[in-house]
């Protein structure tokens with residue numbers, strides 16, 4: 001089992017390495033040095049992506065910037081690479097928004113082959129600029145150039161977008177479409193007769209296990225154990241893990257395995273699980289087109305459904321059922337839980353659905369009376385109610401007028417009583433105040449008499465010599 005998986009992966013790696021070497025033959029020598037430098041820490045797929053991005057960049061320099069057009073690309077040395085400016089990178093950023101593949105140089109409107117036109121958005125442009133940054137960072141650290149000019153150019157700002165995933169109804173429709181062909185074109189329905197079991201099995205594996213498209217394509221017959229409900233999957237980086245699948249996936253795999261065992265494949269593809277119409281291992285691009293075809297019928301408002309979106313759908317369902325983010329990360333093969341957070345339930349969408357159920361429009365008013373009798377009865381009830389309210393107000397006003405004289409006499413008597421009490425209190429107060437004043441005056445006069453007697457007594461006790469001392473002092477001062 002493991003030997004078959006390793007053989008397939010080795011075959012894929014060798015093919016990618018050949019592609020990398022072929023690309024490097026048309027690029028400066030520094031590109032080959034860079035790709036060999038990162039070979040220890042990256043896989044063949046990553047290095048191939050770097051090689052493609054470097055090829056696009058140097059083709060731009062050779063065709064769009066005059067300073068680099070004099071030499072062929074393989075002849076560019078470190079001195080030429082150090083001549084790159086920030087303006088060159090800014091022009092390259094704009095170039096990436098619309099350019100043509102190699103072989104489509106004639107840009108006249110009548111001769112442009114739309115299949116060779118490439119358009120990049122912010123995310124793709126950022127990735128390509130990061131590749132150039134990594135390349136120049138390697139050259140700077142290796143002291144092959146004096147500075148890293150790529151750091152002077154900012155990267156595009158990426159806006160967060162909601163991750164697309166299928167709802168429960170859309171999942172049911174995409175599986176039903178793969179079985180019945182309803183909604184497909186006549187040509188697609190004819191092809192479906194030969195690939196119905198395979199397509200249904202592939203979609204079931206994606207929705208039931210959440211594996212990557214590369215992992216699905218790499219599955220072998222020897223990797224599956226239906227009794228254990230498990231298969232061996234080779235993850236990114238070459239790690240192999242055993243994943244388990246539900247009974248629904250088994251029900252989808254069994255009919256396909258019966259057909260698969262009857263097919264004679266091309267040499268080298270005998271153990272491949274999923275085959276193309278050419279009886280060889282199916283490619284990733286073919287699986288992507290397959291998912292896109294059925295999703296266009298099942299979810300027409302979500303045109304960007306891909307195998308990775310089916311993976312996100314599985315992750316969302318698993319998280320909603322278990323609430324265990326670490327379990328979801330382990331099943332998906334994520335090394336970081338932060339990566340997994342982008343794949344589980346999107347609460348924003350759930351809240352939008354909840355809002356549509358909470359807000360209700362007011363119920364329409366009941367229709368107008370159907371006959372004149374009902375209309376007159378309604379008018380009569382309203383007039384009687386109004387008359388009763390007016391009668392109550394009139395009775396209240398009459399009762400208030402009757403009680404008005406009594407209230408006035410009571411107020412006058414109360415006022416007279418309060419006035420008499422006030423006068424009596426004022427008289428008593430005046431008497432008290434007059435008596436208090438006379439007593440105070442008598443006490444004050446007696447006190448003054450006592451003080452005068454004390455002063456006279458003290459004066460009689462002082463000797464005459466003491467009384468004359470201030471006079472003698474003043475006379476002495478005047479003589480001096």
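Every number in this text was worked out from the coordinates using simple rules, so none of it is lab data. Quick caveat, the model's predicted, so the values are computed rather than measured. For neighbour counting, all protein chains shown are included, and Cβ atoms are generated from backbone atoms with ideal geometry for every residue, glycine included.
What to note about this one:
- Relative to one another, the C-alpha centroids of segment 120-168 and segment 185-212 are positioned 36 Å apart.
- Shown for 52, 263: other C-beta atoms within 10 Å of each C-beta, ranked fewest to most, produce the order 263, 52.
- Ranking of 207, 73 by count of other Cβ atoms within 10 Å, fewest first: 73, 207
- Kirkwood-Stokes translational diffusion coefficient of segment 168-358, alpha-carbon pairs, 10 °C, 1.306 mPa s, µm²/s: 91
- For segment 2-152, a Kirkwood hydrodynamic radius built from all Cα pairs, placed in the Stokes-Einstein relation at 20 °C and 1.002 mPa s, yields a translational diffusion coefficient of 128 µm²/s.
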